[in-house]
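First the structure, in the form of structure tokens, and then the observations on it.
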Amino acid sequence: MWEREGRAFSMYKRMPSRDRSDVMDVEENSAFSQDSMDVETTNPSMWLSFPHVVVGTLSSFLFGYHLGVVNEPLESISLDLGFSGNTLAEGLVVSTCLGGALIGSLFSGWIADGVGRRRAFQLCALPMIIGASSSATTKTLAGMLIGRFLVGTGMGIGPSAVALYVTEVSPASVRGTYGSFIQIATCLGLMVALFIGIPVKEIAGWWRICFWVSTIPAGFLAVAMMFCAESPHWLYKQGRIAEAEAEFERLLGGSHVKYAMVELAKLDRGDDADTVKLSELFYGRHFRDVANAFIGVANLSGSIIAMLLMDKLGRKMLLLWSFFGMAISMLVQVAAANTFVSGSASLYLSVGGMLMFVLTFALGAGPVPSLLLPEIFPSRIRAKAMAICMSVHWVINFFVGLLFLRLLEQLGPQLLYSMFASVCMMAVVFVKKNVIETKGKSLQEIEVALLPQE
């Protein structure tokens, strides 16, 4: 049987992707039932793929770390680099990495498909090392912004690379568990960044150490990926069948290789063409792919608008309109799920609602809490309180991501999105009644205003 499989896969190497399915049709009819009996019924051991997944999720750790690395040190950075009191410059230090992330994310798919998943991780780590080093050694605002932008490009490449890698190297039985590692790693990265930033007020120049620290996991990611398995799916697409088999053996164990290769060949039948027409991105089956790029644009646009309006309209106003817009976007999703809406209309309503949600989230609910929370906490507990708040935020975010698909399946989109809309409207009421405006007030004035009334 192995000889028959060897001849078949040798033929695959000499054929284009779309022709392999013809061979598979002939072979499968006579061999698949026999193959199925030969495959072990037990699931592959998760520990074979575990170290590869852990190394890959270092990119998520770095993503979280760089999201939070400037939160606590921002005041010290502004003092040392000479732009203290310039809120626009401070906003640029925080948000420039988002511009880099947009650029990185736009090219991440092409990078992962062009050079492979492992090299994509290395290309993710490289600008993070260079950018963090630039930020750690700079003496000017321009040097800081260049470093943050370079780090952002790596942050943009990482999420796509790790999502692809974890999906393609994980056994089906633990793919969901491994997928949650991405969010956990992001949470850990953010928590580490917040805790490392705690001594910044007591130790001069500590903010430079905060940036240097990030080069350690980034360097480890770049080196460790040399010893990790390449995605068998990517290797198969490149016609490197023997290498794909070898990587499956590393990831799943020898007894599962044959079945995995048969399944991979069946999956490959759906890819009838190796190229995608531009028109398909907007009207065809790839429309949802380009929608992901638009999400990045909406996120960046909302973040920039929020940066410009934060000190003009105020934190409270941005929060109110942000949560209200999020509620409306969820109602658009409810309308998209209505059975009376046609297929194409439902698709455009769904994508439009999601883009509106991301945009309105980025206008207020995204950026404002990270600014408002440290403003309202007394200085003696600010760093620790922020660490707790942001940790809680990411833990809840993790469970939302973990349970969303299950709730969608159990409750249906109309009920679930209606619940989300209700929560957003509750947030509008809460902000209106309980959140104070901190625009234009010193931290001392805010602290006095929040003292209990005698």
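The values are calculated or read from the model by the stated rules, or taken from the named source; none is laboratory data. Since this is a predicted model, take the numbers as computed values, not measurements. Note that each Cβ is placed from the backbone with ideal geometry, even for glycine, and that neighbours are counted across all protein chains shown. The area values use the complete protein model at the heavy-atom level, side chains included, leaving out ligands, DNA and RNA. Shrake-Rupley method; radii C 1.70, N 1.55, O 1.52, S 1.80 Å.
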Q: Run Phe430 past the list (1) within 21 Å of Leu318 (Cβ to Cβ); (2) without any contact (Cβ under 8 Å) to a residue 40 or more places away in the chain; (3) hydrophobic (A, V, I, L, M, F, W, C); (4) open to solvent by less than 50 Å² (accessible area, probe 1.4 Å) and report the number of the one that doesn't hold.
A: (4)
(Q) Based on this model, can you work out whether Gly109 counts as at pLDDT below 90, surrounded by fewer than 19 Cβ atoms within 10 Å (Cβ to Cβ) and within 14 Å of the chain's Cα centre (by Cα)? (A) yes
Q: Test Ala362 against the criterion of being modelled with pLDDT of 70 or more and under 27 Å from Ala306 (Cα atoms), and give yes or no.
A: yes
Q. Restricting attention to the range 322-342, and to residues there that are of a type in the set (Ser, Thr, Tyr) and at pLDDT below 80, which single residue is surrounded by the fewest Cβ atoms within 10 Å (Cβ to Cβ)?
A. Thr339
Q. With respect to Leu319, is the statement that it is under 30 Å from Val448 (Cβ atoms), modelled with pLDDT of 80 or more and part of a helix (DSSP H, G or I) true?
A. yes
Q | Single residue of the range 222-238 satisfying the filter (touching an Asp or Glu at 6+ places or on another chain (Cβ under 8 Å) and not in a helix (DSSP H, G or I)) that is modelled with the lowest pLDDT | A | Ser231
Q: Out of Gly189, Gly158, Gly219, Gly179, report the one residue that is under 21 Å from Gln122 (Cα atoms), in a helix (DSSP H, G or I) and without any contact (Cβ under 8 Å) to a residue 24 or more places away in the chain.
A: Gly179
Q. Pairs, please: C-beta under 7 Å, at least 6 apart or cross-chain, first residue β-branched (Val, Ile, Thr) and in the range 399-425, second modelled with pLDDT of 90 or more and open to solvent by less than 90 Å² (accessible area, probe 1.4 Å)?
A. none
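A quick yes/no check of all residues on (1) in contact with a Ser or Thr (Cβ under 8 Å, 6 or more places away or on another chain); (2) open to solvent by 10 Å² or more (accessible area, probe 1.4 Å); (3) not assigned by the TED database to the domain that holds Arg118:
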residue	(1), (2), (3)
Pro217	no, yes, no
Leu221	yes, no, no
Met225	no, no, no
Tyr236	no, no, yes
Arg240	no, yes, yes
Gly254	no, yes, yes
Q: Give the residue, chosen from Thr57, Thr96, that is free of Cβ contacts under 8 Å to residues at least 60 places away in the same chain, β-branched (Val, Ile, Thr) and out of contact with any strand residue (DSSP E or B) (no Cβ under 7 Å at 6 or more places or on another chain).
A: Thr96
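The rows are residues; the columns are (1) more than 27 Å from the chain's Cα centre (by Cα); (2) modelled with pLDDT of 90 or more.
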position	(1), (2)
Phe63	no, yes
Asn71	no, no
Ser76	yes, yes
Asp80	yes, yes
Gly85	yes, no
Ala89	no, no
Ser95	no, no
Gly99	no, no
Leu102	no, no
Q: Within the range 60-82, track down each residue that is surrounded by fewer than 20 Cβ atoms within 10 Å (Cβ to Cβ) and over 18 Å from Cys210 (Cβ atoms).
A: Gly82
Q. Out of all the residues in the range 140-161, is one or more surrounded by 19 or more Cβ atoms within 10 Å (Cβ to Cβ), modelled with pLDDT of 80 or more and more than 30 Å from Ser76 (Cβ to Cβ)?
A. yes
Q. Regarding Val200, is this residue at pLDDT below 95, open to solvent by less than 60 Å² (accessible area, probe 1.4 Å) and either more than 23 Å from Thr57 (Cβ to Cβ) or assigned to a helix (DSSP H, G or I) (or both)?
A. yes
**Q.** Hits in the range 239-256 - residues which are under 22 Å from Asn43 (Cα atoms) and not in a helix (DSSP H, G or I)
**A.** Gly253
Q) Among the residues of the range 163-182, how many are open to solvent by less than 50 Å² (accessible area, probe 1.4 Å) and modelled with pLDDT under 75? A) 2
